[in-house]
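Read-outs throughout are calculated quantities, based only on the coordinates presented, and are distinct from any laboratory measurement. Because the structure is predicted, anything quoted here is derived from the model rather than measured. Methodologically, a virtual Cβ is constructed for each residue, glycine included, from the backbone with ideal geometry; neighbour enumeration extends over all protein chains shown.
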Amino acid sequence: MKNEGESSERPDNTAFTQQRLPAWQPILSAGIVIPGFLIIGLAFIGIGIGLFLTSQTIQVLEGPVFFYYGLSNYYQNFRKYGVSTDYYQLSGDTQYFKSPQDSCSPYSYDSQNKPIVPCGAIANSFFNDTFELYQIINGTKKLVPLDGKGIAWWTDYNIKYRNPTLVNGSLANAFDGTSKPLNWPRPAYELDLTDQNNNGFLNQDFLVWMRRAALPQFRKLYRRITEGDYAAGLPAGNYSLTVHYNYQVLNFDGQKKIIFSNVSWMGGKNDFLGIAYLVVGSLCVVMSVVMLIVYAKFKFSEDDV
Amino acid sequence: MSFFGLDCVRKKEREVERKIRANDREYNSTFKYATNSIKTSKYNPFTFLPLNLFEQFQRIANAYFLILLILQVIPAISSLSWFTTVVPLVLVLSVTAAKDAIDDINRHRSDRKVNNRKVNILINGKLTSDKWMNVQVGDIIKLENNQFVTADLLLLSSSEPLNLVYIETAELDGETNLKVKQSLTVTGDMGEDLGALGSFNGEVCCEPPNNRLDRFTGTLTFDTQKHSLDNERVLLRGCTLRNTDWCFGLVLFAGPETKLMQNCGKSTFKRTSIDRLMNVLVLFIFGLLALMCIILAVGNGIWENQTGSEFNNFLPREENTAFSAFLTFWSYIIILNTVVPISLYVSMEVIRLGNSYYINWDRNMYHARSDTPAEARTTTLNEELGQIKYVFSDKTGTLTQNIMTFNKCSINGKSYGDVYQQYSGERLEITEETTPVDFSFNPLADPKFLFYDHSLIEAVKLELPDVQAFFRLLALCHTVMAEEKKEGHLVYQAQSPDEGALVTAARNFGFVFRSRSPETITIEEMGMQRSYELLAILDFNNVRKRMSVIVRSPEGKLSLYCKGADTIIYERLHPSCRKLMEATTDHLNEFAGEGLRTLVLAYKNIDEDYFSEWKQRHHESSVALEDREEKLDELYEEIEKNMMLIGATAIEDKLQDGVALTIEQLAKAEIKIWVLTGDKQETAENIGYSCNLLREEMNDVFTVAAHSPEEVRQELRDARLKMKPSTEPNKFLVPEVILGNTPKLVQDESVEGEYGLVINGHSLAFALESGMELEFLRTACMCKTVICCRVTPLQKAQVVELVKKYKKAVTLAIGDGANDVSMIKAAHIGVGISGQEGMQAVLSSDFSFAQFRFLQRLLLVHGRWSYLRMCKFLRYFFYKNFTFTFVHFWYAFFCGFSAQTVYDEGFITLYNLVYTALPVLGMSLFDQDVNAGWSLEFPQLYVPGQLSQYFSKRAFMMCVLHSCYSSLMIFFVPYAATYDTARADGTEGADYQSFALITQTCLTVTVCVQLGLDLSYWTVVNHLFVWGSLGMFFILTFTMYTDGLFRIRPSSFAFVGTARNCLNQPNVWLTVALTALLCVLPVVAHRFFSCQIAPTINDKVRNKMREMKEPAPRPRHPRLTRRSTRRSGYAFSHAQGYGDLVTSRRFLRRPATSRSTAFNSAGRSPGFKPTGRSAGYSPVGREQNPKQKVEPTSLQKFRTVIDSSF
């Protein structure tokens, strides 16, 4: 027999090459699975109860109240609709003001062949109804102040969207040589006539609209009710809502909705999670009992290998 | 050489008869016979690229990705970037092409090497040295000693007396002994006369090229006379000329038409059964893909018609709904292409490569004595090793070491050879520590001979007459040649290793056979030289099963010494031996029980008068023209009568280490072992018994040895009816449905009890004919063991092909010699025994190692693991990709069938590449259900692999269903959880980007947890991969959604801010947890229940392993107790041959000049080995051991002169 030194061909004796790496070898044994199911089940039931109760509390119109508009049968998630935008433009790159990206087509140029800014189908279909909410106290209408600030994502407002650099201190000049989207009544720099800073691509309503929905049924935040007498919620009473109807939905069988709601730590009102947790938790508990019975009945003997 | 290698296609009409005129190239060239150049390469520099690409794109997957790529560059339907497909595709293609190129360069190189070998050709009466490839049919060439035979030759003349030549055919048929060929006298007379040879214009008319190694028919017309030609006159390519200075031959068949090349099976690209299954599955997946896309396209059409057209206000689109649906179809083809991910094939190759390295690295498959590690030469077949159902093994060199040792003997009713404990009398096992008998008293002893029983040497020293007679017989009764280069340095040349072992035993015990002449045998008896007059050799043949010599001692006493099979000798013993017979029979049974080959020795003193009368009759018979054989047999029968029993010998045909244990293990794993050997039936059977293939407990061992097709069929049928009396004739055929080209399969039939089948080459040839092959296969497959003896290399391949064709089973062939090459190539897996002289088998094998016993580790450990890992990999891989893809399908119903992806494009690119690649790779490289020790402890663990239980169409369907369920969960739980909801601050929470991120997270976490569940062996690496990938998902997600990247390329990183706005929401995490558990818990429950209610063998072993905290089963070395009463027919493994030469009426005398060079004694270990299984001739050109020089055997130290006097 040769010794190690001579035999050059002898493979190395390492745990890796000899496939002897130390390892944890878990087995789905009864001792793990049955208690596991039980624990998961109980934990889920616990979480489920918590979620369900939280969801139930949302019903009351306590402050701050959020004012949503909802659209249904509206396919913001249609692929060609989704790609029909120009992020270069929207981040304030004036080069793309002159020649929008192809993806915006057919909303890139207007009939005079002027580039449209902001281009694309999403921007063009911007929801432009406006609402006014009044509380009717003793027959008189009291305007409920609506807060339009901070209704878009912070990242959208601060990072993703940027207005073009002002030209001569004016946003309007920066949009020189461009055309407004076809459906818009006013150009982008005049979206909010009341607040100069809420214009251009940084208009909060515009930002909310541009964050397109995942599903054809969606709601979008319109305003928050955080001020004055209504900061703690909408008191019970009669209200009237004035709708400035601009946006056509009937022609595509859509519907519009107005929703007032508040939120909890787990977001908007949605009972699904709570109920799902309760159901799954209960099933797990039931399953662990079934497993115990099966285990007791079928436990195979070790000798029959 | 044709440009595209099309010459094989444009086959000229079948040759019926071959006509050759010697030395007439012009005449011969009219027939367009193949020249001697061979071509095994596939490409040349110009054809490489097109041919190779063509071959590669024949793989469905590659073609598919090419089509996909084309689709992706069409803007109207492109839903994903084109480079996601092109990069991996180019990578895969170029790696494969590089590998093919290297392989082909090597083939070119070896072709060139073999084609450029030099040989002397006789052209215009002059010898010119030329390349092999220039040799043409009809040329006369001169071969020298130790040269490879260039082509199939008709032997014309030789340097040796009687125009004999000696050749070694080991590379052709695996037989190690030298063979003798003899030329016709009419051509032999030309000798070395170049003039005569140059003007030789004989015409040969012979059979067309074929692969029968043992047959040749033809005629030579020369000088208006016709001479018939047979196999005796032909030297085949692949043989090596030995002990012959030179010879001349006429080329009959050249290059690809030689019998060797005709015997080399085509080398085909091997694919594993998983590969084949994958091809079917890939087709199925394409179907599924098409179906999904059609559904979605129809959906799109309907949607466009009903909803979309109204939506036109916001998005003007294609008016034609049918065209829109058509485009949608292709868009979805691109999006859903991840059902057949290109990384699947790359990953599979990586896994196989990794598992091949484990084989190379395994120290338990490293053979220290020859310093040979195991080697996975093909790295694409690993998982097939876990599915082997049939093992076809060669015998010599694979199961046996081809070394015979004289182990035991029985002399005059006393048994020698065992070692007993001095006091208790207990029998001791012979180990390396046991002291062997010291033969130093005998200067002529062979130092390599080992014997452990000291009582025998004492008996010799006491000069007990029986013992002396015993060894005297062994020293006299044989056909061995002795050679004494130096004084006292004896080398024996025996035709069979058995004989050599016996003579060597006698030599060590003081009865040294020193030399022989045709008339005398000189031996040294206890230091005293005595010369016996050799009067007759009654040679061995298959019927007689014995051989005898008649000698006259120096004292003038006439004796006949005989050795042979016990049954044969017992019939011819003198009645007075009865008592001794009983004792000897006991010993014989004991020897046979240990698997030794036994021979019985007897002698007889002969009366001088009787003998001279007998000799006279013998002479008359031997010149008789009619029934010479029968007459001689009668005479032999007459004199071999009333013999006196001396004793018996027991020879061990040394098995390779651990063969019996390995075979036992493989049998437990329900692997059927067929031995295919060129050896004769008795030897093969004997080995079958000694390595536990055939067992005494077997209900029956059938022997098929018939001479006509009808008899063979009858014997096969009888055997089958005996095994299973009620067999319906045609019920065993099941029609094969898929891929119609295999018409039928032979089903496994279960049989009560264990049976063995032994079939010889003759019968096998009939059995393999198309009419009978099913009959044969059916019978053979009912038997536990099948032994085919006297088979040619091609028959070996045919047997393998037969099983491959009609059995849905994976086959493995293992062998060590060139004669095994065709079988190794034919089988699904070929294994070569490495570390020996010949490299032929290794070169064409897929795996190689030094010892047969490593086969159990290769199969039961590496193969099983590889298979398990590959199957786990595939199941998981399909699961994760289907789940990934099906989510798109569900989403389509909510996005107007617009080919909108659910996920962000970055995630789609990275999902297979980064997030899920390493964990599954880690699983398929490290996973073990049970460790190696347990795998060997329970060979039954191998069975699921044979039945393809871990991955099959069924398992695949389960994957699809499982994915369906998971994808539904992954889509609808986030759907429901985000429906009409918002973030905790009231802002958008159900937008597309958040939804995408939530489903992405759910998906990644789910597949990760699922992997954790599948992983049964968590090494550090696995932890690293699993947690690392999960971590990587979050890190990369956050990175991709940062402002920095968005600034660089807003359109590609439009998800900016989504991660931080979404993943800080508690309800998102609750959704992820719910989804993951909903996906995984049913699986856990299912596994738990199936493990409790119907545990598989794996479950059982794993459970057992867990209970025995110490997971290291001890390696076992059980001593195999074989109790067998079966004895070998006759131990000799050689055929009739030398006896004739020694005694024929040819006078042998020593040559005047002795050719002397130091002889490398051939033996390697205790035992006797005549000529090593030698030297490889390699048809692809590689001279494996050019150093080996074989010296002339002593046989040729005699010049023979024809002498009519006896």
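What to note about this one:
- In nm, spacing of pseudo-spin labels at B:PHE286 and B:LEU428 (7 Å Cα→C-beta vector): 7.2 nm
- A simple rule links phi to the HN-Hα coupling: the Karplus curve 6.51 cos²θ - 1.76 cosθ + 1.60 with θ = phi - 60°, which for the stretch B:130-145 gives 9, 6, 4, 5, 8, 6, 10, 4, x, 6, 9, 10, 10, 10, 10, 4 Hz, with x for Gly and Pro.
- Of the two radii for the stretch B:866-1104, the radius of gyration is 1.02 times the Kirkwood radius, both from the alpha carbons; that is the Rg over Rh value.
- Between the helical axis of B:953-978 and the longest alpha-carbon principal axis of chain B there is an angle of about 20 degrees.
- Among B:SER845, B:SER1051, sorting on how many other beta-carbon atoms sit within 10 Å of each Cβ, with the fewest leading, yields B:SER1051, B:SER845.
- Against chain B, whose longest principal axis is taken from its Cα atoms, helix B:321-335 shows a tilt of about 50°.
- Farthest toward positive dipole pole in the protein assembly as shown [+1 Lys/Arg, -1 Asp/Glu at C-beta], among B:VAL1068, B:THR244, B:VAL119: B:VAL1068
- Calculated translational diffusion coefficient of chain B (4 °C, 1.567 mPa s; Stokes-Einstein with Kirkwood radius over alpha-carbon pairs) equals 37 µm²/s.
- Given charges at beta-carbon only (K, R positive; D, E negative), |dipole| of the stretch A:192-258 in Debye: 360 debye
- The stretch B:265-313 - convex hull of alpha carbons, volume per residue in Å³: 94 Å³
- Computed about the Cα centre, the dipole magnitude for the stretch B:135-263 is approximately 220 debye when only Lys and Arg (+1) and Asp and Glu (-1) carry charge, each at its Cβ.
- Percentage, to the nearest whole number, of Cα pairs in the stretch B:534-631 over 21 Å apart: 46 percent
- Where only DSSP H runs of four or more residues are counted, chain A gives -8000 deg cm²/dmol as its mean residue ellipticity at 222 nm, each run worth -39500 (n - 2.57).
- Folded to 0 to 90 degrees: helix B:60-72 orientation relative to chain B principal axis, Cα: 30 degrees
- Over the stretch B:949-1059, the hull volume per residue, using the convex hull of the C-alpha atoms, is 147 Å³.
- Compactness of the stretch A:71-263 is given as radius of gyration and Dmax, 17.9, 57 Å, from Cα positions.
- Gain upon complete extension [A:GLN196, A:SER240; 0.36 nm per residue less C-alpha separation]: 13.0 nm
- Average silhouette area of the stretch B:766-903, convex hull of alpha-carbon atoms, in square nanometres: 13.6 nm²
- Selection from B:LEU777, B:ILE403, A:GLN19 lying farthest towards where the dipole of the protein assembly as shown points positive, charges on Cβ: A:GLN19
- FRET efficiency for B:LEU462 and B:VAL95, using Cβ-Cβ distance with R0 set to 51 Å, rounded to 0.05: 0.10
- Based on DSSP H segments of at least four residues, each scored -39500 (n - 2.57), chain B has a per-residue ellipticity at 222 nm of -12500 deg cm²/dmol.
- Debye equation applied to the C-alpha atoms of the protein assembly as shown, log10 I(q)/I(0) at 0.06, 0.08 Å⁻¹: -0.74, -1.06
- Whole-Hz ³J(HN,Hα) from phi, Karplus 6.51 cos²θ - 1.76 cosθ + 1.60, for the stretch B:468-481, glycine and proline x: 5, 4, 4, 6, 4, 4, 4, 6, 9, 8, 5, 10, 6, 10
- Extension gain for the segment B:GLU15 to B:LYS486, taken as residue separation times 0.36 nm less the Cα-Cα distance, is 164.1 nm to one decimal.
- Cysteines in chain A lacking any other cysteine Cβ under 4.7 Å from their own Cβ: A:CYS284.
- Which of B:ILE20, B:VAL92, A:LEU202, positive extreme of dipole for the protein assembly as shown (C-beta unit charges): A:LEU202
- Antiparallel bridges, percent of DSSP beta bridges restricted to chain B (to nearest 5): 75 percent
- Cα-only radius of gyration and Dmax that characterise the stretch B:907-985, units Å: 19.8, 63
- Cα-Cα pairs of the stretch A:204-271 separated by more than 16 Å (percent): 67 percent
- For the stretch B:766-805, the set of GluC sites (Glu not before Pro) satisfying both a DSSP loop assignment and a count of at most 15 other C-beta atoms within 10 Å is given as B:GLU769.
- Counting only Cα atoms, the stretch B:45-114 measures 58, 19, 16 Å along its principal axes, largest extent leading.
- With only the Cα atoms considered, the stretch B:584-626 has a convex hull volume of 121 Å³ per residue.
- Dipole check for the protein assembly as shown: with +1 at the C-beta of Lys and Arg, -1 at the C-beta of Asp and Glu, and the Cα centre as origin, the magnitude is about 1940 Debye.
- Every pair of different Cα atoms in the stretch B:135-263 enters the Kirkwood calculation, which places the hydrodynamic radius at 14.4 Å.
- As a proxy for reagent exposure, B:SER455, A:SER84, B:SER94 were ordered by neighbouring Cβ count within 10 angstrom, fewest first; the result is B:SER94, B:SER455, A:SER84.
- From the Kirkwood radius over Cα pairs of the stretch B:16-77, Stokes-Einstein at 37 °C and 0.692 mPa s returns a whole-number translational diffusion coefficient of 198 µm²/s.
- Mean shadow area of the stretch A:145-225, taken as a quarter of the surface of its Cα convex hull (nm²): 6.5 nm²
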